[in-house]
Amino acid sequence: LTCAAFSLNGRRIATAGRDGYLRIFDVENGTMLASTMQLAIPSITAIALSPGIDLVACGSDDNVVRVWHVATGAVFAVPLDGDDSIVTLAFSPDGSQI
C-alpha cells in the first residue's frame, strides 16, 4: 500500500500500491465496494476520489495522472503529464478540477 484517500463524506476509502491495484472500501464495515481494478501503470503514488465517488484519479512514478470511472474501470480523461513524480492529488469540491 503506497497511498490511500478518503471520500469527502469520509464513508469511503480508496487504496492503491506498487502492485497497480486500486480498491475502494466502505469505511464502516470494510466491505470492498468497487471491483478491484488492475491498472496497467507503474507504482501508484497518489490517489483521489471525486466528490460523487464516481471517478478516481491516480498519479504514478511515470509523472502521469490518470482518471477512471469507478463503476466501469473505463478511462475518463486523457492522461495528464506532470513534471515530476505525482505525490498528492485532490479533486475540487465540485469535482470539475484535479
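The values are calculated or read from the model by the stated rules, or taken from the named source; none is laboratory data. What you are looking at is a predicted structure, and each value in this text was computed from that prediction instead of being measured. Quick reminder, even Gly has a Cβ in these numbers, built from the backbone with ideal geometry, and neighbours come from all protein chains shown. Accessible surface areas use protein heavy atoms only, side chains included; no ligands, DNA or RNA. Shrake-Rupley method; radii C 1.70, N 1.55, O 1.52, S 1.80 Å.
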Discussion item. Suppose each label sits 7 Å from its Cα in the direction of the beta carbon; what would the residue 19-residue 38 distance come out to in nanometres?
Written reply: 1.1
Worksheet entry | Residue order for 31, 45 - accessible surface, 1.4 angstrom probe, largest first | 31, 45
Worksheet item: In whole Hz, what ³J(HN,Hα) sequence does segment 83-98 give by Karplus (6.51, -1.76, 1.60; θ = phi - 60°), x for Gly and Pro?
Response: 8, 8, 3, 7, 10, 8, 9, 7, 8, 5, x, 8, x, 8, 9, 10
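Please compute the net charge surrounding residue 61, taking Lys and Arg as +1 and Asp and Glu as -1 over other residues with Cβ under 11 Å from its Cβ. Spell out each step's value before the answer.
Working: positive: 18; negative: 62, 84.
Every neighbour counted, the sum reads -1.
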Item to complete: Starting from the Cα-Cα distance between residue 63 and residue 8, subtract it from 0.36 nm times their residue separation and give me the gain in nm to one decimal.
Response: 17.3 nm
Worksheet item: With every protein chain in place, what's the accessible area of residue 92 (1.4 Å probe, Å², nearest 10)?
Response: 30
Worksheet item: In the neighborhood of residue 81, defined by Cβ-to-Cβ distances under 15 Å, what is the net charge if each Lys or Arg adds +1 and each Asp or Glu adds -1?
Response: -3
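Over the chain, average the accessible area per residue using a 1.4 Å probe and give it in Å², no decimals. List each step's numbers first, then the result.
Numbers: 5470 Å² over 98 residues.
Heavy-atom SASA per residue in the chain reads 56 Å².
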Worksheet entry | Rounded to whole Hz, the Karplus (6.51, -1.76, 1.60) HN-Hα couplings of segment 49-56, x for glycine and proline | 9, 5, x, x, 6, 9, 10, 9
